[in-house]
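**Q** Please find one structure pasted underneath; my questions will follow.
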Amino acid sequence: MVNKKIFMTGASGFIGSQLAKLLLEKGYIVIAPTRTTGNQNKFLHRNLIWLNNCSLCQIKTEFLENCESVIHLASHCPNAPYDKLETYIKINCLDTLKFFQKCALLGIDKFLIAGTAFEYGESSNAFKFIPPTAPLIPVGAYPSSKVMSFYMIKEFCRLNNINVSYQRIFQVYGDGENENRFWPSLRKAALSGKDFHMSHGNQIRDFIEVKDVAKKLLHAYEKLINNSDNFFVENIGNGKGTKLKDFAREWWEKFQGKGNLIFGEKELRVTDFERIVAKIT
């Protein structure tokens with residue numbers, strides 16, 4: 001396989017940049033919209049075409065011509081500070097639908113879409129290992145908009161005979177992650193010799209490094225291209241539960257932190273469910 005075109009949203013992001021590099025190494029041509037003019041400097045490749053200052057609602061039909069498939073990783077404000085519910089609905093649902101309609105008009109019928117484990121929400125309390133078929137009971141504006149988008153996409157693709165691989169990603173971490181998230185904050189404190197204050201840390205999560213997520217997404221994409229499963233949902237994780245405090249201790253040691261891990265200092269958030277671990281099928 002060489003020189004097949006993929007239209008990919010989110011290619012400049014934390015996960016998307018890792019996946020884009022793997023796709024380019026395989027010989028794909030990646031067309032990538034970006035909302036700014038600086039993201040193209042993250043990496044350059046002869047088969048990577050950046051569309052600058054191009055948000056989801058600004059994608060033109062002509063940009064999609066001759067694309068074999070779509071990889072949709074972009075979503076609005078998945079990290080704190082979070083936005084209003086109506087903004088999430090507009091971008092993650094309505095703008096996404098308009099984008100998919102443009103794709104369908106050109107006959108593009110293969111979509112790889114990234115979801116989040118937080119779509120399961122309160123269902124995490126009912127499963128030791130959450131299956132892809134678990135009820136979606138989200139808590140919070142962002143995961144609620146993702147669930148709305150999931151059902152909207154599912155119905156749209158059914159009506160238009162589009163094949164979808166929908167991948168719910170669990171607790172991803174690694175280089176390039178938003179600096180306000182747990183792992184980068186932990187690293188920053190360790191490397192600066194400061195103490196790190198956190199919750200009690202008994203929450204159990206399914207941690208997976210970003211490069212492993214990218215590899216699993218690539219595998220899912222190539223499975224999608226070679227099969228017609230209509231609407232297929234999978235989890236991306238390790239299927240292994242680790243307490244947050246054990247994860248912190250392991251990385252604190254790797255970073256050779258000179259300060260201390262201070263447990264129990266921060267209150268739990270409403271989305272801090274006791275256990276969120278994937279069932280891998």
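What follows draws every value from the coordinates through simple rules; no lab data is involved. If you're wondering where the values come from, they're calculated on a predicted model, not measured in any experiment. Glycine also receives a Cβ, built like all others from the backbone with ideal geometry; neighbour counts cover every protein chain displayed.
**Q** Treating only the Cβ of Lys, Arg, Asp and Glu as charged (+1, +1, -1, -1), what charge dipole size does segment 67-208 show about its Cα centre? Round to the nearest 20 debye.
**A** Values: 15 positive and 13 negative charges, 10 e Å.
The dipole of segment 67-208 has a size of about 40 debye.
**Q** Ok, one more. Among LYS60, LYS21, LYS84, which one shows the highest mean-square fluctuation when the chain is modelled as a Gaussian network with alpha-carbon springs under 10 Å?
**A** LYS84
**Q** For the pair LEU159/ASP246, report the inter-label distance in nm, with labels modelled 7 Å from Cα in the Cβ direction.
**A** Each label point lies 7 Å from its Cα, and together they span 4.7 nm.
**Q** Expressed as a rounded percentage, what relative contact order does the chain have, with Cα pairs under 8 Å and six or more residues apart? Please list the in-between numbers first.
**A** Details: 550 pairs, mean separation 56.0, N = 281.
Relative contact order comes out at 20 percent.
**Q** With label points built 7 Å along Cα→Cβ from the Cα atoms of GLU65 and LYS188, find their separation and express it in nm.
**A** About 4.5 nm, to one decimal.
**Q** Pick out, from ILE280, ILE225, GLY239, the residue whose Cα sits farthest towards the positive end of the charge dipole of segment 221-281, with +1 on the Cβ of Lys and Arg and -1 on the Cβ of Asp and Glu.
**A** So the residue we want is GLY239.
**Q** Further question on the same structure: What FRET efficiency, computed as 1/(1 + (r/R0)^6) with R0 = 30 Å and r the Cβ-Cβ distance, is obtained for THR133 and ALA80, rounded to the nearest 0.05? Working shown, then result.
**A** On the way: r = 30 Å, r/R0 = 0.99.
E(calc), rounded to 0.05, equals 0.50.
**Q** Now for a different question. Quick one: Debye curve from the alpha-carbon atoms of segment 1-137 only, equal weights, vacuum; give me log10 I(q)/I(0) at q = 0.12 Å⁻¹ to two decimals.
**A** Scattering profile of segment 1-137, log10 relative to I(0): -0.54.
**Q** Quickly estimate the mean residue ellipticity at 222 nm for the chain, helices only: each DSSP H run with n ≥ 4 gives -39500 (n - 2.57), and the total goes over all residues, rounded to 500.
**A** Values: 7 runs with 82 residues, N = 281.
Here the helix-only value at 222 nm equals -9000 deg cm²/dmol.
**Q** Grab the other residues whose beta carbon is less than 13 angstrom from that of ILE108, score K and R as +1, D and E as -1, and report the net.
**A** Working: positive: LYS4, LYS5, LYS102, LYS110; negative: GLU65, GLU68, ASP109.
Net of charged neighbours comes to +1.
**Q** If you add up the charges near GLU234, with Lys and Arg at +1 and Asp and Glu at -1, over every other residue whose beta carbon is less than 15 angstrom from its beta carbon, what do you get? Let's see the in-between values first.
**A** On the way: positive: LYS154, ARG168, LYS215, LYS216, LYS223, LYS279; negative: GLU119, ASP206, ASP212, GLU222, ASP229.
Cβ neighbours under 15 Å give a net charge of +1.
**Q** With a point put 7 Å past each Cα toward its Cβ, work out how far VAL270 is from ARG35 in nm, to one decimal.
**A** 2.3
**Q** Still on this structure, please answer the following. Based on Cβ point charges of +1 for Lys and Arg and -1 for Asp and Glu, what charge dipole magnitude is obtained for the chain about its Cα centre, in debye rounded to the nearest 20?
**A** On the way: 37 positive and 28 negative charges, 74 e Å.
Around 360 debye, computed over the chain.
**Q** Using Cα-only point scatterers and the Debye equation, what is log10 of I(q)/I(0) for segment 216-281 at each q in 0.14, 0.25, 0.26 Å⁻¹, rounded to two decimals?
**A** -0.69, -1.15, -1.18
**Q** Could you work out the pair-distance distribution P(r) of the chain from its alpha-carbon pairs, with 5 angstrom bin width and percents rounded to whole numbers?
**A** 1, 5, 12, 16, 18, 17, 13, 9, 5, 3, 1, 0
**Q** Okay, moving on. Return the tail of the calculated pair distribution for segment 171-281, meaning the percent of Cα-Cα pairs more than 24 Å apart. Please list the in-between numbers first.
**A** Details: 2085 of 6105 pairs.
The share of Cα pairs beyond 24 Å in segment 171-281 comes to 34 percent.
**Q** Still on this structure, I have one more. Take the chain, connect every pair of alpha-carbon atoms lying under 10 Å apart with a spring to form a Gaussian network, then pick out the residue of GLY201, GLY237, GLY264 with the largest mean-square fluctuation.
**A** GLY264
**Q** Around SER75, what is the net charge, scoring Lys/Arg as +1 and Asp/Glu as -1 over all other residues with Cβ under 13 Å from its Cβ? Could the numbers behind the result be given before it?
**A** Numbers: positive: ARG35, LYS90, LYS146, ARG168; negative: ASP83, ASP95, GLU119.
The answer is +1.
**Q** Choose one of LEU51, LEU64, LEU85: the residue whose Cα lies farthest towards the positive end of the charge dipole of segment 19-88 (beta-carbon charges +1 Lys, Arg; -1 Asp, Glu; about the Cα centre).
**A** LEU51
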